[in-house]
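Only one structure is covered here, and it is reproduced in the block below.
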Amino acid sequence: MIKLLGIPYDANSSFMRGAANAPDQIRLMHQLGSSNPSTEKGGSIDFENGIADGGNIQFRNEVPELVFQQIRDEVLQLLAENDKIIALGGDHSITYPIIEAYAHRYPGLHLLHFDAHSDLYEHFDKNPFSHASPFARIMENYLVASLTQVGLRTLCSHQRRQVDRYRVKVVEMKDFSLDFLKGLNAPLYISLDLDVLDPAFAPGVSHHEPGGMTTRQLIDALHQISVPVVGADIVELNPNRDIHDMTAMVAYKLLKEISSLM
Ligand SMILES: [Mn+2]
């Protein structure tokens, strides 16, 4: 069973909050019915069959350590029930506790990360839990067997050193092709920051970074993944920045297409 899990938490955002409102806004795109639940490969998001909505985690406060513990506990419980999870963020900091739980259930997990940013800062604004740092926490704790980052276009010298230090496979947007797909291994987890897309396609994110992917390029890449996908997150939708729910609809579309891989 695929389980949707809303993670309405954005207190580790460095620039602008709002991503905590994303899970319900993505659900709204399903409920409004202007699109339909079909996936391009012939399936559909069917809440009667095969996929269930696990609701949102209810956080008691915003303290990162406590929030992360709640996320870990919730994900571990769902994985113990043999669910596959698609988490709806939230800012990108939530990926670290999710992967902690996944690494426990799936030793040798491989991580595919779509983003304009590598999020490998050792810490950002003195916050080691920043949404700019989850992949540093994941790699320093040896939680995954490999990390492949696709769509980057903001690498600074510090982050280039981090890429080398943690032997991250990087496909910068300036060099983009689908060749990285051949190097993917199972079990695979996909972490999708919507700002990997060009702001023209996804304006409803906190960090607009021009020069990104088209929605079509991203969907084509997802469709060509040939190894089993055991989990995913879709993060960084900021409904406060969106225009007529354009980006929320992109997130809903990507939710559908990712579910068709699982
Ligand atoms: Mn990003």
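Could you check region 118-200 for strands (runs of 3 or more DSSP E) lying wholly inside it with 1 or more residues that are charged (D, E, K, R) and modelled with pLDDT of 95 or more?
Result: 169-172, 188-193.
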| Taking residue 65, is it more than 16 Å from the ligand (Cβ to nearest atom), assigned to a loop (DSSP other than H, G, I, E, B) and over 25 Å from residue 239 (Cβ atoms)? | no
| request: Specify the residue that is surrounded by the most Cβ atoms within 10 Å (Cβ to Cβ); the eligible residues are those in region 212-262 that are among the charged types (D, E, K, R) and assigned to a loop (DSSP other than H, G, I, E, B). | output: 236
| note | Taking region 87-110 and the residues there that are crowded, with 24+ Cβ neighbours inside 10 Å and either of a type in the set (Gly, Ala, Ser) or outside any helix (DSSP H, G or I) (or both), the one that is nearest to the ligand (Cβ to nearest atom) would be 91
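Scan region 111-126 residue by residue and report those that are within 16 Å of the ligand (Cβ to nearest atom) and surrounded by fewer than 19 Cβ atoms within 10 Å (Cβ to Cβ).
Correct list: 124, 125.
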| field | Whichever residue in region 149-189 is more than 17 Å from residue 215 (Cα to Cα) and among the small types (Gly, Ala, Ser) and, among such residues, is surrounded by the most Cβ atoms within 10 Å (Cβ to Cβ) | value | 186
| task | Output yes when any residue across region 176-199 is more than 16 Å from the ligand (Cβ to nearest atom) and within 15 Å of the chain's Cα centre (by Cα), and no when none is. | result | yes
| said: Quick check on my filter: what residues within region 211-235 are away from the ligand (no atom under 13 Å from the Cβ) and either without any contact (Cβ under 8 Å) to a residue 24 or more places away in the chain or in contact with a His (Cβ under 7 Å, 6 or more places away or on another chain) (or both)? | reply: 214, 216
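Given the structure, is residue 76 without any contact (Cβ under 8 Å) to a residue 60 or more places away in the chain, surrounded by fewer than 19 Cβ atoms within 10 Å (Cβ to Cβ) and not in a strand (DSSP E or B)?
Details: without any contact (Cβ under 8 Å) to a residue 60 or more places away in the chain: yes; surrounded by fewer than 19 Cβ atoms within 10 Å (Cβ to Cβ): yes; not in a strand (DSSP E or B): yes.
Against the criterion (without any contact (Cβ under 8 Å) to a residue 60 or more places away in the chain, surrounded by fewer than 19 Cβ atoms within 10 Å (Cβ to Cβ) and not in a strand (DSSP E or B)), residue 76 qualifies.
The values are calculated or read from the model by the stated rules, or taken from the named source; none is laboratory data. It should be emphasised that the depicted structure is a prediction, and the values quoted were computed from it without experimental measurement. Because the Cβ atoms are built from the backbone with ideal geometry, glycine has one as well, and the counts that use them run over all protein chains shown.
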